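**Q** Encoded as structure tokens, here's the structure I'll be asking about.
The values are calculated or read from the model by the stated rules, or taken from the named source; none is laboratory data. Because the structure is a prediction, the values reported are computed rather than measured. Glycine gets a Cβ as well: all are built from the backbone with ideal geometry, and neighbour counts include every protein chain shown.
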Amino acid sequence: MISWTITTYFLTAFYCCLIAFFYVGLLAIILRTKRQNKLPISSVQNSFSIVISARNEAGFISQCLQSITNQNYNSENFEIIIINDHSTDDTLTIINQFKIQNQTFKISIINLADFEKIKNKKQAITKGIEQAKFDYIILTDADCTRGNNWLKTINQFINISSAKMVYAPVEFAAKNIFEKLQALEFAGLVGVGAAAMELKYPNMCSAANLIFEKKVFFEVNGYADNMHVISGDDEFLMHKIFKIYPNQVQFLHQKEAIVLTGANGTLSQLTEQRKRWVSKSTKYENRYITFILIMAYFYNMSMVVNLFIDWHLALNQILFKTLIEGVFLVTILKLFGKTKLILLLPLAEIFHVLYVIIIGIWANFGTYNWKGRTHK
């Protein structure tokens, strides 16, 4: 029993120190951003190729494209490349109609039905990048929208930082409690990814809002060595670029750079999404990421075990977890202007512990569904 208590406190101390470490990284980003905001504004307008892979996104693709064409940015300096990934709904029809109605913009459509050898999203994105005309690639999702100064903010950050890859913030739109719990958790994931990147221990990012130089993509050979892994079109690429340019992979901490995407509407959708995310946890080349994920998993597991053998110990763990995560989350929520979400943290903790334990096992031994396809 004594050895278990020692193990429990060790796991708790490890987790709290880990979040404190990320909090230092988050503060470093805020300080760096304040310094950068004082620098003169550059008049240089870089050119961007915005690559969107879409499969069965008829309900969202129009709003996504409209939010891009509404940018306060010279339309000559950006293009939109939409990859239709064998959609079985009206996605392709809507894209074609949008292109006809917006002929003043550079809009290209790649229909994967015309390419028999392209079987997954990474191959599709690579095809889009190969056809891109401009120096910078922006990956985003077909269900994302953004404000009118999105491109302008990204451009200014690149001019200031000379970054080779930029991870910009992603926010979950939320209406009900279930969606708000997801928005709170996802804000934490964005914060952890940003902080780890700043501290030169990158772990995660999101292809919903990811910018990089086209030549750098080919310099690191794109997705060549992880094409067999269904997910990870964002994180694996980030790690490869970081290896060569560790000081030029940065997080963009600006509200106007946010893209907004929808939270999962059902528990089933949430489960499938998280299984997909976790499925690559054992595929990282940097083993410290896998180690951290394993330690976090055992920490959450220990809380559940302690509910049955020593509930006082479990309560202490939850209190420590809530306190350290609360400080971290409030800081990143300020970026999104959603600090009120912190009121849901007590409920979110219960939700988080249970799903980490369940999904952690399920994702690595079971299958998951994504866009109407089953993967293992």
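**Q** Quick one: Ile292 ticks every box in (1) farther than 20 Å from Leu26 by Cβ; (2) modelled with pLDDT of 85 or more; (3) surrounded by 14 or more Cβ atoms within 10 Å (Cβ to Cβ) bar one, so which box is it?
**A** That leaves (1) as the condition not met.
**Q** Considering only residues of segment 1-17 that are aliphatic (A, V, I, L, M) and under 13 Å from Lys321 (Cα atoms), which is surrounded by the most Cβ atoms within 10 Å (Cβ to Cβ)?
**A** The residue in question is Leu11.
**Q** Are any residues in segment 145-165 assigned to a helix (DSSP H, G or I) and touching a Phe, Trp or Tyr at 6+ places or on another chain (Cβ under 8 Å), and if so, which ones?
**A** Across segment 145-165, the qualifying residues are Leu151, Lys152, Ile154, Asn155, Ile158.
**Q** If you don't mind, there's one more thing I want to ask. Kindly indicate whether any position in segment 137-144 is assigned to a loop (DSSP other than H, G, I, E, B) and either modelled with pLDDT of 95 or more or over 23 Å from Ala296 (Cα atoms) (or both).
**A** Looking through segment 137-144, at least one residue is assigned to a loop (DSSP other than H, G, I, E, B) and either modelled with pLDDT of 95 or more or over 23 Å from Ala296 (Cα atoms) (or both).
**Q** A further question follows. Run Lys119 past the list (1) farther than 22 Å from Glu235 by Cα; (2) at pLDDT below 95; (3) charged (D, E, K, R) and report the number of the one that doesn't hold.
**A** It is condition (1) that Lys119 fails.
**Q** Taking the criterion of being part of a strand (DSSP E or B), modelled with pLDDT of 95 or more and of a type in the set (Val, Ile, Thr), would at least one residue in segment 99-108 satisfy it?
**A** Yes: segment 99-108 contains one or more residues that are part of a strand (DSSP E or B), modelled with pLDDT of 95 or more and of a type in the set (Val, Ile, Thr).
**Q** Of the residues Leu31, Leu65, only one is free of Cβ contacts under 8 Å to residues at least 60 places away in the same chain and outside the structural domain of Val166 (by TED's automatic domain parsing); which? So that I can check it myself, show each step before the final result.
**A** On the way: Leu65 fails: outside the structural domain of Val166 (by TED's automatic domain parsing).
One residue alone meets the criteria, Leu31.
**Q** Counting only residues that are touching a residue at least 40 places away in the same chain (Cβ under 8 Å), more than 19 Å from Thr88 (Cβ to Cβ) and outside any helix (DSSP H, G or I), how many does segment 111-136 have?
**A** 5
**Q** Tell me the residue from Ser67, Ser43 that is assigned to a helix (DSSP H, G or I) and surrounded by fewer than 21 Cβ atoms within 10 Å (Cβ to Cβ), please.
**A** Of the residues listed, the single one that is assigned to a helix (DSSP H, G or I) and surrounded by fewer than 21 Cβ atoms within 10 Å (Cβ to Cβ) is Ser67.
**Q** Within segment 301-338, which residues are surrounded by fewer than 20 Cβ atoms within 10 Å (Cβ to Cβ) and of a type in the set (S, T, N, Q)?
**A** Those that are surrounded by fewer than 20 Cβ atoms within 10 Å (Cβ to Cβ) and of a type in the set (S, T, N, Q): Asn316, Thr322, Thr331.
**Q** Could I ask something else about it? Are any of the residues in segment 49-56 at pLDDT below 95, part of a strand (DSSP E or B) and either among the β-branched types (Val, Ile, Thr) or surrounded by 13 or more Cβ atoms within 10 Å (Cβ to Cβ) (or both)? Don't jump to the end; show me each part of the working.
**A** Narrowing segment 49-56 to residues at pLDDT below 95: 53-56.
Going one step further and asking which of them are part of a strand (DSSP E or B), we end up with 53-54.
Checking which are either among the β-branched types (Val, Ile, Thr) or surrounded by 13 or more Cβ atoms within 10 Å (Cβ to Cβ) (or both) leaves us with 53-54.
So far as segment 49-56 goes, yes, one or more of its residues are at pLDDT below 95, part of a strand (DSSP E or B) and either among the β-branched types (Val, Ile, Thr) or surrounded by 13 or more Cβ atoms within 10 Å (Cβ to Cβ) (or both).
**Q** Scan Ala168, Ala194, Ala173 and give me the residue that is assigned by TED's automatic domain parsing to the domain that holds Asn46, within 24 Å of Thr339 (Cβ to Cβ) and in contact with a Phe, Trp or Tyr (Cβ under 6 Å, 6 or more places away or on another chain).
**A** Details: Ala168 fails: in contact with a Phe, Trp or Tyr (Cβ under 6 Å, 6 or more places away or on another chain); Ala173 fails: in contact with a Phe, Trp or Tyr (Cβ under 6 Å, 6 or more places away or on another chain).
Result: Ala194 is the single residue among Ala168, Ala194, Ala173 that is assigned by TED's automatic domain parsing to the domain that holds Asn46, within 24 Å of Thr339 (Cβ to Cβ) and in contact with a Phe, Trp or Tyr (Cβ under 6 Å, 6 or more places away or on another chain).
**Q** Contact list please: Cβ distance under 8 Å, first residue in segment 96-109 and of a type in the set (Phe, Trp, Tyr), second residue surrounded by 12 or more Cβ atoms within 10 Å (Cβ to Cβ) and part of a strand (DSSP E or B), pairs at least six apart or on different chains.
**A** Here the result reads Phe98/Ile107; Phe105/Glu79; Phe105/Ile80, each pair linking segment 96-109 to a residue that is surrounded by 12 or more Cβ atoms within 10 Å (Cβ to Cβ) and part of a strand (DSSP E or B).
**Q** Search segment 148-175 for residues being at pLDDT below 95 and out of contact with any helix residue (DSSP H, G or I) (no Cβ under 8 Å at 6 or more places or on another chain), and hand back the single one that is farthest from Leu210 (Cα to Cα).
**A** The residue in question is Lys175.
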